[in-house]
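Down below is the structure, laid out as structure tokens.
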Amino acid sequence: MDKKRPISDLQKRIEQLEERKRQILRLAKERERKKRAHRLIQTGALAEKYFELEHLTIPEREELFKIFANYINEKKPDKFKKKE
Amino acid sequence: MARKDPLSRAQEIEEQIKKLQEKQRKYIERAQREIGQYLMETWDIEDIEQAKLLIDKFKEEAKKYFDSSQNTEESNGQKTSDQ
């Protein structure tokens, strides 16, 4: 008689689904990470272009941003403000 | 049809997993209940420890039974594939 294993079969199916779920979440996280990296590169490129930062080091850029951060955050139009 | 976002897909899978876990739990419960009842009735046993002793006594026999039937099936399969 062939040994039937209904409990183990169900267990295998559960493990397959768990792996599929992990894979979907892993891919989604990876896609999100790539989108964020792309966004940061674009933002950096725009900042370099409009604020003429090419010649500055990263610490110098940060120093410059800090000088204007409060002013810009206070003055920026509502449409650019973070929506709560 | 619009492709669902990953979180919804993951949630759907999680629901399927829960259903299967519930099915598995119910199956185990039913198997334990029915097998226990069948054993008690067919072997005319009421005492749990005595039942366990008898099960242990025939454990190796049951194992051999499945092993030999598996070997027979494997050798039959081998013969079929050899032809």
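Here, each number is a calculation from the coordinates, and none is a lab measurement. Values in this document were obtained by computation on a predicted structure and should not be read as measured data. FYI the Cβ positions are ideal-geometry reconstructions off the backbone, even for glycines, and counts take in every protein chain you see.
Based on the alpha-carbon gyration tensor of the protein assembly as shown and its eigenvalue square roots a ≥ b ≥ c, which shape applies: rounded if a/c is under 1.5, prolate if not and a/b is larger than b/c, or oblate? Taking the square roots of the gyration eigenvalues as a ≥ b ≥ c, the protein assembly as shown is prolate.
Estimated from the Cβ-Cβ distance and a Förster radius of 45 angstrom, the FRET efficiency linking B:Ala2 and A:Glu19 is about 0.95. A Förster radius of 35 Å combined with the Cβ-Cβ distance from B:Ala51 to B:Lys23 puts the calculated FRET efficiency at roughly 0.80.
As a proxy for reagent exposure, B:Ile17, A:Ile41, A:Ile7 were ordered by neighbouring Cβ count within 10 angstrom, fewest first; the result is A:Ile41, A:Ile7, B:Ile17. With the simple spin-label model, which puts each label point 7 Å out from Cα in the Cβ direction, the B:Leu39 to B:Thr72 separation comes to 2.4 nm.
Between B:Gln32 and B:Tyr65, the simple spin-label model (points 7 angstrom out along Cα→Cβ) gives 2.2 nm.
Using a/c under 1.5 as the rounded threshold, could you call chain B rounded, prolate or oblate? The axes a ≥ b ≥ c are square roots of the C-alpha gyration tensor eigenvalues, and prolate needs a/b larger than b/c, oblate otherwise. Cα axes put chain B in the oblate bin. Remark: the range B:50-67, residue by residue, has Karplus-estimated 3J(HN,Hα) of 5, 4, 5, 4, 5, 4, 4, 4, 9, 4, 4, 4, 5, 5, 4, 4, 5, 4 Hz, where x stands for each Gly or Pro and the curve is 6.51 cos²θ - 1.76 cosθ + 1.60 at θ = phi - 60°.
Shown for the range A:4-77: lysine pairs separated by 8 or more places, or found on different chains, whose C-alpha atoms are under 24 Å apart, numbering 12. Comparing B:Asp56, B:Asp44, B:Asp67 in a Gaussian network model of chain B, where Cα atoms under 10 Å apart are tied by springs, the biggest mean-square fluctuation is seen for B:Asp67. Computed from the alpha carbon positions, the gyration tensor of chain A leads to an equivalent ellipsoid with semi-axes of 53, 16, 10 Å, biggest first.
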